[in-house]
Amino acid sequence: MNKKILTTLLLSSALLLPTASPQTVQAATTETKYEWSYQGEGYSASFKDKTIVRNGVNYIEFASVAWLANLDYTLDSTGKRAGFKAWIKKIAVRDGSKIAMLDGKKVTMEGPAFLKNNPQSEKMEVYVPFKFAVQALDGKYDGYDSATHMIKVSNIHNYSFISKVYKGVTYTVTKANGDIFSTVGNNKPIKLTSLNASLDLSDINIRSTPKGLLLITVNDSYGEPHINSQLFQVLFKKGQVIRRTSVDFNWGSTDRVDSYNNKIVLNDGQKLRIIEDGTGNVLETINLLDLAGKGKNQLYSIEAIDDAMILIRNAGDRQLQLISRKTGKSVILFDQLLTPKQQELVKLDSGAMGAGDGLTFIKQKGDTLYFTISAEGLAKTTATYSLSKLAAL
């Protein structure tokens, strides 16, 4: 998502890639400038630094760039073999050897890896040939740019992921692009689909429906300080994707329901699809824009739904709106449940991290909806709204 791609960062090599000194790396005869462009968690960035050249081969300190790629770094008991891994990505090199292990296969590097102590670092530095570092991190070696006089590298991957075990199957979502995999035991992971989106601070929810469908929901918060929300829903039948949807709520909150009365609810922020369990057929499509009546460029999350009503929250003004599915009549609950004094305090607590409309939906019991009212400077209280009032409009 372009709006989530941060402006290119020129990171200090003093912080990220310790440059080898003559005392640290012997036989370094010259250096080459390079630009390293990589994926972070929900963003892209780059930095510039210099390689060292040893016996005609460009080298880079690999532990630092592996850390940026979210790989764990370990040394074996001899202190001569360095390993880097994260889920299915596995890399290992040995001091003085040209042979590396990359994702279970032997690879011959241009020159031998070498490990050196850095007095300013707690961990051993690991130097590998530059081109191998790019290959190992699934990047693209763009070659020498005569205009900038440096080697350019792009699309260095990030291997951060989220996973959850459900009914003996491990489901994994990569944060770099939202690829979804399933793994049983020690078997090879199977790619199910991709969300085609970069993720930041994510949570994955997996559940089976009564009639055998599988719903995977990914909620992601992004930006600083993670005040933006996006939602992804993927519905599977016998391992195949049959329905999917996604929505970026920006400052708005994400959906709180995905089903009712044994029906599945899929929301893209503007249209709500009611899905039949078992078949995956669309039973009904609800146009949220028409129901809410606040204009076209709006997005809505779903907080509650049954056959009589739907409770939605606007991602822009963040107001809860209760709508009758039978008559189309609606009420803004901020106007109905808050006193003038409460409304005044809630309006003062505005902004992306503010109280919104001050209302949090708690539960439905029979004909009654329960809410809490809270904001900065306002004691938390409970409020209720009867659906009989909505029916009488």
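No lab work stands behind these numbers, since they all come straight from the coordinates. In this text, all values refer to a predicted model and were calculated from it rather than measured experimentally. With ideal geometry, Cβ positions are generated from the backbone for all residues, glycine too; neighbour counts draw on all protein chains shown.
Things worth noting here:
- Three-way shape label, the stretch 178-228, alpha-carbon gyration tensor, a/c 1.5: oblate
- Each principal axis of the Cα cloud of the stretch 265-393 was taken in turn, and the coordinate range along them, longest first, works out to 50, 32, 26 Å.
- A P(r) calculated from all alpha carbon pairs of the chain, with 20 Å bins opening at zero, reads 23, 42, 26, 8, 0 percent.
- Using the Karplus relation 6.51 cos²θ - 1.76 cosθ + 1.60 with θ = phi - 60°, the per-residue 3J(HN,Hα) values for the stretch 120-131 come to 8, 10, 7, 10, 5, 7, 10, 9, 10, x, 4, 5 Hz, with x marking Gly and Pro.
- Coupling constants for the stretch 382-393 follow from the phi torsions by the Karplus curve (6.51 cos²θ - 1.76 cosθ + 1.60, θ = phi - 60°), and in residue order they are 10, 9, 10, 9, 8, 5, 5, 5, 5, 5, 7, 5 Hz; glycine and proline get x.
- For the stretch 160-300, the number of Lys pairs with C-alpha atoms closer than 22 Å, counting only pairs eight or more positions apart or on separate chains, is 26.
- For Asn250 and Ser97, a Förster radius of 35 Å and the Cβ-Cβ distance give a FRET efficiency of 0.10, rounded to the nearest 0.05.
- Of interest is the spacing of the C-alpha centroids, which for the stretch 250-285 and the stretch 358-388 amounts to 24 Å.
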